[in-house]
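Chemist: Before I ask anything, let me first share the structure, which is written out below as structure tokens.
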Amino acid sequence: MTQDDVQQTAVNASADEPVEAAERTPEGHPLHKVLSFVRRSGRLDARLQRAWDNYADKYLLDISAGGNTLDVREGFVFDRAFIERTWGNDNPLIVEIGTGQGENVVAAAASHPERNFLALEVYDPGVAHTLLLAGKQGLDNIRVAQVNAPELFKVAAPGVVEEVWTFFPDPWPKKKHHKRRIVQEALAADIHRALADGGVWRIATDIEDYALHVHEVMDALPDWRNAGGITVSLPTEHVGKGNADLAESMPHADFQESERFAGRVLTNFENKGLTAGRVIHDFTYAKA
């Protein structure tokens, strides 16, 4: 299974309503969380199942609540003590949200043994392939967690992460689903707390409408500084699914974005977007 397959599973499922029962309202009604993904049973082929069996004990963190939820287990705290116990050192930690096939985060871990890496992925095939890549190289500085990223950052202690990466998240193109996009004010607040001084959140998308969404959320937050040095022109109104061609005739405004992040490998997924003629939008938001 390619990264395209893993990512496309999420995109194709965007018409569904991914709800997860959690707490209850004061009236006793189930309180549903807004999720940025759809849980689908992902059957593993023989190769990926072997990778899971061979490498999960070393790389896959046991921090989820279990069952049908990808919440973090009750009482867990994502702090320096946990990082030092897990990785066996106090090196800086980089977290990638939505690692897909794991190509990027594993390449980064191999190139930077002086840093620790945590891959967050919800889909079984993506988790298994990340385990496979890390295991084949015998890496010691990477771990994988199959949990909902916003839930992990809710329990993150201040200053525990050096950088957060979110590359090519599910675009949720329908307007009614924009609330499911991973880049939201609440997550930004939790990531801001988790970042060390001088830390950054790196984001990339090949969807113009999602780029506007990132600017609307992040540029308005006083605790974040847009470190981009490139001026780009974007429509100032959102278009719904299937209406991207209307964006060209809409009013535009200038926004600041970044050069392509040199630390991101060119994955099959990103290359597919480039081949289709889509523009890659890179963002670097620094903790202010």
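Chemist: Just wondering, is there one or more residues in region 236-257 that are within 30 Å of Gly126 (Cβ to Cβ), in a strand (DSSP E or B), in contact with a His (Cβ under 9 Å, 6 or more places away or on another chain) and in contact (Cβ under 8 Å) with a residue 12 or more places away in the chain?
Modeler: Yes, region 236-257 contains a residue that is within 30 Å of Gly126 (Cβ to Cβ), in a strand (DSSP E or B), in contact with a His (Cβ under 9 Å, 6 or more places away or on another chain) and in contact (Cβ under 8 Å) with a residue 12 or more places away in the chain.
Chemist: Next question, about the same structure. What residue, of Arg193, Arg143, Arg202, is within 18 Å of Val77 (Cα to Cα), part of a strand (DSSP E or B) and basic (Lys, Arg)?
Modeler: Arg143
Chemist: Okay, next question. Restricting the search to region 79-103, which residues are surrounded by 23 or more Cβ atoms within 10 Å (Cβ to Cβ) and under 17 Å from Val164 (Cα atoms)?
Modeler: Leu93, Ile94, Val95, Glu96, Ile97, Gly98, Thr99, Gly100, Gly102
Chemist: Would you check which residues across region 258-272 are buried (at least 18 other Cβ atoms within 10 Å of the Cβ) and part of a helix (DSSP H, G or I) and list them?
Modeler: Across region 258-272, the qualifying residues are Phe269, Glu270.
Chemist: Check Glu74, Glu84, Glu96 and return the single one that is part of a helix (DSSP H, G or I), modelled with pLDDT of 95 or more and among the acidic types (Asp, Glu).
Modeler: Glu84
Chemist: Ok, one more. Taking region 208-241 as the region of interest, how many residues are buried (at least 17 other Cβ atoms within 10 Å of the Cβ), under 20 Å from the mean Cα position of the chain (by Cα) and either acidic (Asp, Glu) or modelled with pLDDT under 95 (or both)?
Modeler: 2
Chemist: Among the residues of region 116-137, are any farther than 18 Å from Val72 by Cα, assigned to a loop (DSSP other than H, G, I, E, B), of a type outside the set (A, V, I, L, M) and free of Cβ contacts under 8 Å to residues at least 40 places away in the same chain?
Modeler: Scanning region 116-137, I find no residue that is farther than 18 Å from Val72 by Cα, assigned to a loop (DSSP other than H, G, I, E, B), of a type outside the set (A, V, I, L, M) and free of Cβ contacts under 8 Å to residues at least 40 places away in the same chain, so the answer is no.
Chemist: Out of (1) within 23 Å of Val217 (Cβ to Cβ); (2) surrounded by fewer than 16 Cβ atoms within 10 Å (Cβ to Cβ), the odd one out for Phe255 is which?
Modeler: All conditions pass for Phe255, except number (2).
Chemist: Sticking with this one: In region 172-188, how many residues are assigned to a loop (DSSP other than H, G, I, E, B) and either modelled with pLDDT of 95 or more or crowded, with 22+ Cβ neighbours inside 10 Å (or both)?
Modeler: Adding up the residues that qualify gives 5.
The values are calculated or read from the model by the stated rules, or taken from the named source; none is laboratory data. Note that the structure is predicted; figures quoted are calculated from it, not measured. Note: ideal-geometry Cβ built from the backbone for every residue, glycine included; neighbour counts use all protein chains shown.
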